[in-house]
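Enquirer: Got a structure for you, questions after.
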Amino acid sequence: MHLSIVATGVLQTDRHKPEKSFAALSQEAMLDLFRINTIGPALIAKHSVALMPRDERSVFAALSARVGSITDNRLGGWHSYRASKAALNMIIANLGIELQRTRPQAIAVGLHPGTVDTTLSRPFQKNVPLAKLQSPAQSAAHLVAVMDGLTRADSGHVIAWDGERIPG
């Protein structure tokens, strides 16, 4: 199997924190998050597809997030992050459609790693039950298992670490 994994992403920086209201939006923060969470993976996909064989199984996977689901959004907030991940999910959906025509054995997916005990999630872990918090090694093992079990029907979708398909 040919595999490309994009494991980049940012929720906050030293200069920008997740917005709790629209009053906190800034062009600079939005551009930063879209560059890293959406545009970067899209450009990597562009170059990865060119390397995919037309007659063998290939997988392009990019780390996404459940909060990028428009349908599943009940809390609001984190506007730039949510929007950049929703845009990434659309890029993945579009790539999945294109791959059906150009590389019929290729799969494009977003992967939601769950809540992983990293510096990205640490400031937001206080309400996460310990049973839902994974180590990086646990999350990686789950995502490898998910990728091993992917079928063409999964292409264009976002799949969680436990195999659940996340709504668009």
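Enquirer: I'd like the Karplus ³J(HN,Hα) series for the range 50-56: coefficients 6.51, -1.76, 1.60, θ = phi - 60°, whole numbers in Hz, and an x wherever there's a Gly or Pro.
Expert: With coefficients 6.51, -1.76 and 1.60, one gets 4, 9, 6, x, 7, 10, 9 Hz.
Enquirer: What number of lysine-lysine pairs in the chain show an alpha-carbon separation below 24 angstrom, given a sequence spacing of 8 or more or placement on distinct chains?
Expert: Within the chain, the lysine pair count is 9.
Enquirer: Helix-derived [θ] at 222 nm for the chain: sum -39500 (n - 2.57) over DSSP H runs of at least 4, divide by residue count, nearest 500?
Expert: Working: 4 runs with 57 residues, N = 168.
After summing the helix terms and dividing by the residues of the chain, the value is -11000 deg cm²/dmol.
Enquirer: How large is ³J(HN,Hα), in whole Hz, for each residue of the range 133-144 in order, when computed from phi with the Karplus curve 6.51 cos²θ - 1.76 cosθ + 1.60 and θ = phi - 60°, using x for Gly and Pro?
Expert: These are the phi-based 3J(HN,Hα) values: 8, 10, 6, x, 5, 4, 4, 4, 4, 4, 5, 4 Hz.
Enquirer: Taking 8 Å as the Cα distance limit and 6 or more residues as the minimum spacing, I'd like the relative contact order of the range 7-86 as a percentage.
Expert: On the way: 75 pairs, mean separation 37.2, N = 80.
47 percent.
Enquirer: Would you please name the trypsin sites (Lys or Arg not before Pro) within the range 88-168 that are DSSP coil residues with at most 14 other C-beta atoms within 10 Å of their C-beta?
Expert: Details: sites: 101, 126, 132, 152, 165; in loops: 126.
Taking the range 88-168 and a limit of 14 other Cβ atoms within 10 Å, the loop trypsin sites (Lys or Arg not before Pro) found are 126.
Enquirer: What is the magnitude of the charge dipole of the range 1-137 about its Cα centre, with +1 placed on the Cβ of each Lys and Arg, -1 on the Cβ of each Asp and Glu, and no other charges, expressed in debye to the nearest 20? Let's see the in-between values first.
Expert: Numbers: 16 positive and 9 negative charges, 46 e Å.
Roughly 220 debye for the range 1-137.
Enquirer: Under the Kirkwood approximation for Rh and a Cα-based Rg, what ratio Rg/Rh is obtained for the range 18-84? Show your work: numbers first, answer last.
Expert: Numbers: Rg = 15.3 Å, Rh = 13.8 Å.
In the range 18-84, Rg relative to Rh is 1.11.
Enquirer: Quick one: among 109, 67, 128, which has the greatest mean-square fluctuation in a GNM of the chain with alpha-carbon springs under 10 angstrom?
Expert: Maximum fluctuation in the GNM of the chain, among the listed residues, is at 128.
Enquirer: OK, next. Mind jotting down a quarter of the surface of the convex hull over the alpha carbons of the range 1-156, in square nanometres, one decimal?
Expert: Numbers: hull surface 38.5 nm².
Projected area, direction-averaged: 9.6 nm².
Enquirer: Here's a follow-up. Of 104, 123, 113, which has the largest mean-square fluctuation in a 10 Å C-alpha GNM of the chain?
Expert: 123
Enquirer: What are the ³J(HN,Hα) couplings of the range 151-160, residue after residue, when phi is run through the Karplus curve with 6.51, -1.76, 1.60 and θ = phi - 60°? Round to Hz, x for glycine and proline.
Expert: With the stated coefficients, the range 151-160 comes to 10, 4, 5, 7, 4, x, 10, 10, 10, 7 Hz.
Enquirer: Which percent, nearest 5, of DSSP beta bridges in the range 2-166 are antiparallel?
Expert: Working: 2 of 19 bridges.
In the range 2-166, DSSP labels about 10 percent of beta bridges as antiparallel.
Enquirer: For Cα pairs less than 8 Å apart in space and 6+ apart in sequence, what is the mean separation divided by the residue count of the chain, i.e. the relative contact order in percent?
Expert: Numbers: 283 pairs, mean separation 42.6, N = 168.
Reported as a whole number, the value is 25 percent.
Enquirer: Something else about it: For the range 106-162, what does the relative contact order come out to in percent, with C-alpha contacts under 8 Å and a separation of six or more? Could you put the intermediate results ahead of the total?
Expert: Numbers: 66 pairs, mean separation 33.9, N = 57.
In percent, rounded to a whole number, it is 59.
Only the coordinates and a few stated rules stand behind these numbers; no lab work does. Worth saying up front: this structure is predicted, and the values here are computed from it rather than measured. As a convention, Cβ positions derive from the backbone with ideal geometry for all residues, glycine included, and neighbour counts pool all protein chains shown.
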